[in-house]
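The values are calculated or read from the model by the stated rules, or taken from the named source; none is laboratory data. None of the values given here were measured: they were computed from a predicted structure. Don't worry about glycine lacking a Cβ; one is built from the backbone with ideal geometry, like all the others, and counts go over all protein chains shown.
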Amino acid sequence: MISLIRKGTKEDLPAALELIKELARYENAPDEVTVTVEILEKDGFGAQPAFDFFVAEIQGNISGIALYYTKYSTWKGKCIFLEDIIITEKFRKKGIGNQLFNAVANVAKALNSERLEWQVLEWNDPAIQFYKKLGSNFDNEWINCKLTKQQLDMY
């Protein structure tokens, strides 16, 4: 299926948030989404944008997004981190994920990034198979760590 891939705009944020919530439901964590359109707008379009994104559009409707940002490796330098590719359920397995991934990969190349990185849940076999088809390297050496907002408040 051919879709229009373009840079996301402020006007796309409500649809992007709906896709984020759809992903949270898919990952059995619907109550974990606390971001709002207002937060997305401030963080994505403020003085120091924290992320950028592409949208996939089919007949004027947003069917998917790819959200990414720049990170920095002390060993390698500038890298792009692909936070999520989200395709609404009825448009999955139609090539839209490939189109969005290619758009982000092209940004990484244009910025002369040293790597393009992302994570995938160990139980998400459709995503794992998608990334395997791309020739991805899977890293079992690194352990993900995080502190929640509430934990950060203790510091």
Quiz item: If you scan segment 59-89, which residues turn out to be in contact (Cβ under 8 Å) with a residue 24 or more places away in the chain and either basic (Lys, Arg) or not in a strand (DSSP E or B) (or both)?
Solution: Lys71, Lys76, Lys78, Thr88, Glu89
Quiz item: Which one is surrounded by the most Cβ atoms within 10 Å (Cβ to Cβ) among residues in segment 76-112 that are farther than 18 Å from Pro126 by Cβ and of a type in the set (S, T, N, Q)?
Solution: Asn102
Quiz prompt | Any pair with Cβ under 9 angstrom, 6 or more apart, that starts in segment 101-113 at a residue that is closer than 9 Å to Thr70 by Cβ and ends at one that is outside any loop (DSSP other than H, G, I, E, B) and small (Gly, Ala, Ser) | solution = Ser113/Gly77
Quiz item: Of (1) touching a Lys or Arg at 6+ places or on another chain (Cβ under 9 Å); (2) part of a loop (DSSP other than H, G, I, E, B), Ala56 satisfies all except one. Which?
Solution: (2)
Quiz item: Taking Glu27 and the conditions (1) touching a residue at least 60 places away in the same chain (Cβ under 8 Å); (2) crowded, with 16+ Cβ neighbours inside 10 Å; (3) acidic (Asp, Glu), which numbered condition does it fall short on, given that it satisfies the others?
Solution: (2)
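Considering each residue of segment 105-153, count those that are of a type in the set (A, V, I, L, M), closer than 29 Å to Lys93 by Cβ, at pLDDT below 95 and not in a loop (DSSP other than H, G, I, E, B), and give that number. Full working, then the answer.
Just the residues of segment 105-153 that are of a type in the set (A, V, I, L, M), to begin with: 105, 107-108, 110-111, 116, 120-121, 127-128, 134, 143, 147, 152.
Filter again for closer than 29 Å to Lys93 by Cβ, leaving 105, 107-108, 110, 116, 120-121, 127-128, 134.
Narrowing further to those that are at pLDDT below 95: 120-121, 127-128, 134.
Right, trim to not in a loop (DSSP other than H, G, I, E, B) and you get 127-128.
Adding up the residues that qualify gives 2.
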